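Enquirer: Take this structure, written in structure tokens, and hold onto it; I'll ask about it next.
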Amino acid sequence: MEPFSTSTTLIRMSSLIGGGGRCPSMTALQYARPDIDATVSCVAIGSRQLITRDCCAPKRVSCETLMSQPFRKLIGLLIRLNIAALWACVNQSVYYGGVNDVTPGTRRPGGRGARERIERTAARLFYRNGIHATGVELIAREANVSKRTLYQHFASKNDLVDNYLRGIEARGGAPTEKGLDATGLPARERLLAIFDLRRSEVVRGCPFHNAAVESAGSLASTDEIVRTHKHEFTRRLGAVAREAGAADPHLLGQQLAVLFEGATAMATSLNDTAPVVHARAAAATLIDAALADESSS
């Protein structure tokens, strides 16, 4: 096995464990291996080597020597003397192989709020860029976490996609769908509010529709979430239609759901909100006709 060089100065141990002359580690080493010069002192913990500043006569010490019984006794001695101080100094001063792999002032990514950052980042990227175009590497980088941390919270990318959709549903659906719950608005206006799609540089439409298109049947759990959401959305439309006084609230709810789905899909394809504007006008005609039928009956 390749021997270690003891010529590199890393940490002055004599100041940690009593100093004032020769370091106790040198005494222990000389007693254990008299063939090694007493001015050389080194400690090995596993495959890592700590060399004292007292190394006046550099030697090459093999791994077999470092892992020998005398060295294990030496480690025990250091623990009894002041291992806490040694460890504090090692954290600040030890370099492995002559290279410091920790940049001062930096910290490892992750920590508190890692899951929340992952969820927010995934939601933004999935909606803006698409599910297939967004890899876990990009999510981890944008969320300032490692891939390992990401997978500690989500077993797979599919789980992250499902969590993204469930999060939207838990918040009342897509932004336009939330208009159904707008308190203070008449029921008719709440039905029309689902077509108030905000202008943006990139029109992405309904996140559930987009997920279904990208899945194309390959993501079973995602498809189930989308179907469940669409059924619930249609039911909510029917409930508000009933509140508005529609003659056939179930039928009106179905018609408005189809209008919404088609309009948002076309807006996404054209990157233009005009289809949603036209759908809103058509929806107003349907709603007024349904309310008129109720009034005449």
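The numbers here are math on the coordinates, done by the rules we state, and not lab data. Please read all numbers here as calculations on a predicted model, not as lab measurements. We place every Cβ from the backbone using ideal geometry, glycine too, and count neighbours over all the protein chains shown.
Enquirer: How large is Rg over Rh for region 172-297, taking Rg from the Cα atoms and Rh as the Kirkwood inverse mean of 1/r across Cα pairs?
Expert: Using Cα coordinates only, the ratio equals 0.99.
Enquirer: Something else: Using DSSP to call loops (not H, G, I, E or B), can you name the GluC sites (Glu not before Pro) in region 171-266 whose Cβ has at most 16 other Cβ atoms within 10 angstrom?
Expert: Glu201
Enquirer: Mind putting a number on the dipole of region 221-297 about its Cα centre? Charges go on the C-beta only, +1 for Lys and Arg and -1 for Asp and Glu, and I need it in Debye to the nearest 20.
Expert: I would put it at about 120 debye.
Enquirer: Determine, for each peptide in 207-213, 162-168, 135-141, the mean count of other beta carbons within 10 angstrom over its residues, then list the peptides with the highest first.
Expert: Sorting 207-213, 162-168, 135-141 by mean packing, highest first, produces 207-213, 162-168, 135-141.
Enquirer: Report the net charge of residues surrounding Ala193, where surrounding means a beta-carbon distance below 13 angstrom and charges are Lys +1, Arg +1, Asp -1, Glu -1.
Expert: Spelling it out: positives minus negatives among the neighbours equals +2.
Enquirer: Along the charge dipole of region 172-297, pointing to its positive end and built from +1/-1 on Cβ of Lys, Arg, Asp and Glu, which listed residue (Leu197, Ala284, Leu252) has its Cα farthest out?
Expert: Value: Leu197.
Enquirer: While we're here: Restricting things to alpha carbons, find the Rg to Rh ratio for region 127-221 using the Kirkwood radius for Rh.
Expert: Computed over Cα atoms, the ratio is 1.05.
Enquirer: Let me ask another. Rounded, prolate or oblate for region 149-204? Axes are the square roots of the Cα gyration tensor eigenvalues, ordered a ≥ b ≥ c, and the cut-off for rounded is a/c under 1.5.
Expert: It comes out prolate by the Cα gyration axes.
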